[in-house]
Amino acid sequence: MTSAATAEEHPAADRSQSPAPTAYSYRVKAIRLFAPHEPLRAVDVPAPVPADDEIVVRVRAAGICHSDAHYRAGFNQLRLPLTLGHEVAGVVARKGGRVDGLTEGDRVALHYLRFCGSCRRCVEHGEQFCETGGMLGNNIDGGYAEEVVVPAASAVRIPASVPFEHAAVMMCSTATAYHALRLTAPVANKTIAILGFGGLGISALMLARALGAAQVLAVDIVDEKLAFARSMGATPVRSDENLTQALLDATGGRGADVALDLAGRADVSARAVRALVPGGTLVLVALSTAPLPVNPYRDLLARERRIIGCSDHTRAELEELMELAETKAIDMSAAISETVPFDADAINGVLDKLDRGTTTLRSVIAFE
Ligand SMILES: [Zn+2]
Ligand SMILES: [Zn+2]
């Protein structure tokens, strides 16, 4: 047997004779947070090198999330400097030696949670509770960069018909809305009340309809949002002190099976609980630390209602979302308001708007 034949039959063995590089000679542009309260800055960083089980993705789209504005404003204790960006889609540029099933050029979106898949929490409770987990753009350098390195297990294939920008924004709020609905599955034939009709609410509405909800109620105080909700097929319900009765009236006296708290307003959530059917569920999705003013006997026990939390989402759910997008059951064009270039000033400008609360839809960085 010649040595050439050996190499052909055992490509892995052959590759091991030329070890993977530990560094490349070129650098890539990243837009990073160096200090809280300061604008993000563009810098050149070493091109990432994939470990055996990792891929390097050339970023094509990255969503700008309200969380990123919170990070820049110093609400979270982050180890800095950090490249933000946890809503990321792109193409596989390089891969480690033990990565199977992905090839250079594949279009992928990235699950922002890094998880081990083998610890007790991963196995018994779900990957979003991993004991050694991390999050892209939070404690791992994220996708405001020309290239990002992630475990191959983070990659979710993007169907050919789904644009990078849509896939990117689906990695965060849409996925969380989907997880919240999955926690109350099956959704088919149920009445779903969405408390707060912003970007997350639009995703929740599209998904609830795609999953066969009988009726979707959109609760808000802003006329434009209520009108928009109606145009998308929801029943608009104005939020005030009579919300419980308004929800009952909007459902012919029956009440809602599920209420999704996407606004974090404790008073609104408490009123919605009282409009749930017996056995109905309030899902807490928005981050809030305000006490929830419910009466345990009257509001919960006597009707067997429940209140549950919702944290992040799973990789499997992201794959299901991609299928829903491919079949046009959901269309993210309605949730994206603008694309901006990969430029520090442009990104800081969007974060400023998020700080001021003047934008509800999503902005996405589109890379050249
Ligand atoms: Zn996000
Ligand atoms: Zn784990």
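Counting Lys and Arg as +1 and Asp and Glu as -1, what is the net charge of the other residues whose Cβ lies under 11 Å from the Cβ of Asp223?
With Lys, Arg at +1 and Asp, Glu at -1, the net is +1.
Work out the FRET efficiency for Glu326 and Asn189 from their Cβ-Cβ distance, taking R0 = 25 Å, and round it to the nearest 0.05.
Calculated value: 0.55.
Could I have the simple spin-label model distance between Glu368 and Leu80, label points 7 Å from Cα toward Cβ, reported in nm to one decimal?
Once both label points are built, they end up 2.9 nm from each other.
Sort 320-329, 300-309, 203-212 by packing, meaning the average of other beta carbons within 10 Å per residue, with the highest value first.
Listed from highest to lowest mean packing, they are 203-212, 320-329, 300-309.
Quick one: compute a quarter of the convex hull surface over the Cα atoms of segment 279-368 and quote it in nm².
With every direction weighted equally, the projected area is 9.4 nm².
To the nearest 500 deg cm²/dmol, what mean residue ellipticity at 222 nm is calculated for the chain from DSSP H runs of n ≥ 4 alone, each contributing -39,500 (n - 2.57), summed and divided by the residues?
That comes out to -7500 deg cm²/dmol.
Highest first, please rank the peptides 56-65, 288-297, 235-244 by the mean number of other Cβ atoms sitting within 10 Å of their residues.
Sorting 56-65, 288-297, 235-244 by mean packing, highest first, produces 56-65, 235-244, 288-297.
Using per-residue counts of other Cβ atoms within 10 Å, averaged over each peptide, order 190-199, 23-32 from highest down.
Ranked from most to least packed, the peptides come out as 190-199, 23-32.
Once amide H atoms are placed 1.01 Å from N in the peptide plane, what residues at a sequence separation of 5 or more from Ile365, or on another chain, have their amide H within under 5 Å of its amide H?
Counting only residues 5 or more places away or on other chains, the set is Ala62, Gly63, Ile64, Val340.
Using 0.36 nm per residue of separation minus the Cα-Cα distance, give me the extension gain between Ser118 and Arg238 in nm, one decimal.
38.6 nm
Return the FRET efficiency for the residue pair Ser161, Met135: r is the Cβ-Cβ distance, R0 is 41 Å, and the value is rounded to the nearest 0.05.
It comes to 0.90.
Considering the dipole of the chain built from charges on the beta carbon (Lys and Arg +1, Asp and Glu -1) around the Cα centre, which of Ile307, Gly233, Thr339 is farthest to its positive end?
Ile307
Quote the charge dipole size of segment 64-180 about the Cα centre in Debye, to the nearest 20; the model charges only the Cβ of Lys and Arg (+1) and of Asp and Glu (-1).
With only Lys, Arg, Asp and Glu charged at Cβ, the dipole is about 220 debye.
List, in order, the whole-Hz ³J(HN,Hα) value for each residue of segment 133-145 obtained from phi through the Karplus relation with A = 6.51, B = -1.76, C = 1.60 and θ = phi - 60°; use x for Gly and Pro.
Residue by residue, segment 133-145 yields x, x, 9, 4, x, 10, 10, 10, 4, x, x, 7, 7 Hz.
Which of Ala167, Gly357, Cys119 sits farthest toward the positive end of the charge dipole of the chain, with +1 on the Cβ of Lys and Arg and -1 on the Cβ of Asp and Glu?
Of the candidates, Gly357 comes out farthest on the positive side.
So, R0 is 22 Å and r is the distance between the beta-carbons of Gln245 and Glu304; what FRET efficiency does that work out to, to 0.05?
After rounding, the FRET efficiency stands at 0.55.
Taking 7 Å along the Cα-to-C-beta vector as the label spot, tell me the Thr103-Ala227 distance in nanometres, rounded to one decimal.
It works out to 5.1 nm between the two label points.
What does the net charge come to around Ala62 if you take all other residues with beta carbon closer than 10 Å to its beta carbon, with K and R at +1 and D and E at -1?
Residues near Ala62 contribute -2 overall.
For the chain, what proportion of DSSP beta bridges, expressed in % and rounded to the nearest 5, is antiparallel?
55
Where does each of Cys119, Cys130, Cys172 land when they are ranked from fewest to most other beta-carbon atoms within 10 angstrom?
The fewest-first ordering by Cβ neighbours comes to Cys119, Cys130, Cys172.
Please compute the net charge surrounding Thr184, taking Lys and Arg as +1 and Asp and Glu as -1 over other residues with Cβ under 13 Å from its Cβ.
Around Thr184, the surrounding residues sum to +2.
Under a Cβ-only charge scheme (Lys and Arg +1, Asp and Glu -1), can you give me the dipole magnitude of segment 184-309 about the Cα centre, in debye to the nearest 20?
That gives segment 184-309 a dipole magnitude of about 300 debye.
Starting from the amide H of Ile158, placed 1.01 Å from N in the peptide plane, find each other amide H under 5 Å away whose residue is 5 or more places distant or on another chain.
Arg107, Val108, Ala109
FYI, it's all coordinate maths here, none of it is from the lab. Source: prediction; values computed, not measured. In this analysis, Cβ positions are derived from the backbone assuming ideal geometry, glycine residues included, and neighbour counts consider all displayed protein chains.
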